[in-house]
Amino acid sequence: MMRNAKLSNTYDFSGGINISKPPHLIEENECYANPSSFDGTKNIYWKNDSLRKRAGTLEINDPEEGDHIENGIRFYRAASPTKTTICAIDDGSDYVKHYYLDGSDIFQEITKAGTQIATGSYIHLAVWKDALYSASGNQVLQKITYSGGWSIDDIAGLTSKPQYVCHHKDRLFAAGGDMPEGYLECTAYDDDTSWSAGNGEAFNVGYKDGDPIRQLVSLNDNLTVYKQDSIWVLRGDNLFNWFQHRDEKAVGCYAPYSVADVIFGHIFLSIDNVYFFDGQTITPIGDNIKPWLAQIPIGYRKNASATYYNGYYRLSFPTATYNNKELIFDVTQFKLTGKRAWWLNDSRNINNYIVYGGPEDDNTLYLCDSNAGYLRKMETGTQDESTDVTTEFHSKYYVMDQPNLEKMFDRLKVDLAQSIGTVNMKLYAGLGDDNEFEYDIDTGSSTNVWGTGVWGTFQWQAPDKARVTQEFALPSYLDGYAISLYLKHDSDEENVRFYGFSLSWAYKVF
């Protein structure tokens, strides 16, 4: 048999993970990940048409405050101070306390006369009219204000202890906590003290269906009421014209803090999938990662937290064993092309997110640490808590639409770029671990030119991120039914970019 491959394929990667399909059925714009290891696309993300290793984080408060941060928010006000970071922090003993960070790297406690919030609450924060409202589920609704100094006061007129609070159409809405399941209360117009006991309103969403409310969020001039097994939209603006409409049956929001405002709608986590909701229709977008979600116990999934930042939906799992996993979804690509690619970031400890995205802010994302009382600024370098950041990329298995026919893999051209450091590349032949071959390619040191083709580690150095596109021959013992590509980069210096590769091959004929 002569090795003279005539067929050629070029693959352009847009990243992502897909672990719900057999490897040979995954689309070219998705990566392949092993659902048992959680590290198929470890610490990698897609930006400016290239795959990059994620950057590290920086602790912005010193010293550490409390055991961990429950929640946080960027508090924008019309009056001075115009913006302040507020965090609800578990103090490590009996309470969750509120702290502010304003022009300093030291958290300062906002004191309150009377009972503090009991430890174990998951605090929900909302802003309305130069005031911050804090709901815990086991304490009456509290109001944080500034008048020459920060203070906390209990809200008068609401005897319930709500878990969720939301500002919508110049009213406050509250639900959850010790309130009856499905029960919603709101204030009178432009007043945070007149609730149902006075001039406010109270009613059941879903007509006493026993389905508990999990979150309240505004969308398209309506109030979206996410219940555990259904979604309701509340239209109108007063007691006489409220109108309830159930938009989805058998689909609801299981994780209250997974709801995030994204382009043209919301994304949220249900019992077993992630969904996009535009106010009228709901679309599952997490089919690719359902096997990964299935490995997280139900009780842990409900504590997931999310945000929308720079075109991406970021979903973290901050409880116990799974507190260092973060899933990222490309919302822009989904809206433009319908593609549903996800990434998995490892070694993250995120209890919540804070976006510095207001007037004169720097559009930076901050992470509330779920393991320590630190607020961390993201994308500040290539270190993460003094540990080198590792990037891993594993492509799908390519079978050229014929998984049962053996192929001759003749030549490979890899297109990538990096500034300083080492990138390891491996090729896998065959589906599964039973027929796996691994290779490293030695490109020579301190050069942008490929070396002798000896298998080993390839490395180069350049003053800038030089793009390297080179071709090399594959040995005959790599022939097989399928082939996949694996890249790993663990330098603490620079990002690596992977643009794609070209493969020359032919069906094996004797």
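The values are calculated or read from the model by the stated rules, or taken from the named source; none is laboratory data. Predicted, not measured: the structure shown is a model, and the values here were computed from it. All Cβ positions, glycine included, derive from the backbone under ideal geometry; neighbour counts span all protein chains shown. Surface accessibility is based on the protein's heavy atoms, side chains included, excluding ligands, DNA and RNA. Shrake-Rupley method; radii C 1.70, N 1.55, O 1.52, S 1.80 Å.
See the values below:
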{"quantity": "Among residues of region 192-232, those that are open to solvent by less than 50 Å² (accessible area, probe 1.4 Å), touching a strand residue (DSSP E or B) at 6+ places or on another chain (Cβ under 8 Å) and either more than 21 Å from Ser258 (Cα to Cα) or of a type in the set (Val, Ile, Thr) (or both), counted", "calculated": "15"}
{"quantity": "Index of the failed condition, Val127 passing every other in (1) within 30 Å of Ala202 (Cβ to Cβ); (2) open to solvent by less than 20 Å² (accessible area, probe 1.4 Å)", "calculated": "(2)"}
{"quantity": "Yes/no for Ser121 being among the small types (Gly, Ala, Ser) and at pLDDT below 90", "calculated": "yes"}
{"quantity": "Of all residues making up region 177-189, the number that are over 20 Å from Asn220 (Cα atoms) and either open to solvent by 40 Å² or more (accessible area, probe 1.4 Å) or in contact with a Gly (Cβ under 6 Å, 6 or more places away or on another chain) (or both)", "calculated": "8"}
{"quantity": "Selection count, region 322-379, where residues are hydrophobic (A, V, I, L, M, F, W, C), open to solvent by 20 Å² or more (accessible area, probe 1.4 Å) and touching a residue at least 40 places away in the same chain (Cβ under 8 Å)", "calculated": "2"}
{"quantity": "Some residue of region 290-303 being surrounded by 16 or more Cβ atoms within 10 Å (Cβ to Cβ), touching a residue at least 12 places away in the same chain (Cβ under 8 Å) and touching a strand residue (DSSP E or B) at 6+ places or on another chain (Cβ under 6 Å)", "calculated": "no"}
{"quantity": "Region 141-176, residues that are over 19 Å from Asn204 (Cβ atoms), open to solvent by less than 60 Å² (accessible area, probe 1.4 Å) and polar (S, T, N, Q)", "calculated": "Gln142, Thr145, Ser151"}
{"quantity": "Matching strands (runs of 3 or more DSSP E) fully within region 241-283 where at least 2 residues are at pLDDT below 95 and open to solvent by 50 Å² or more (accessible area, probe 1.4 Å)", "calculated": "243-249"}
{"quantity": "Region 65-89, residues that are part of a strand (DSSP E or B), surrounded by fewer than 23 Cβ atoms within 10 Å (Cβ to Cβ) and among the acidic types (Asp, Glu)", "calculated": "none"}
{"quantity": "Selected residue (only one of Gly338, Gly299, Gly311, Gly357 is over 21 Å from Gly265 (Cα atoms) and among the small types (Gly, Ala, Ser))", "calculated": "Gly299"}
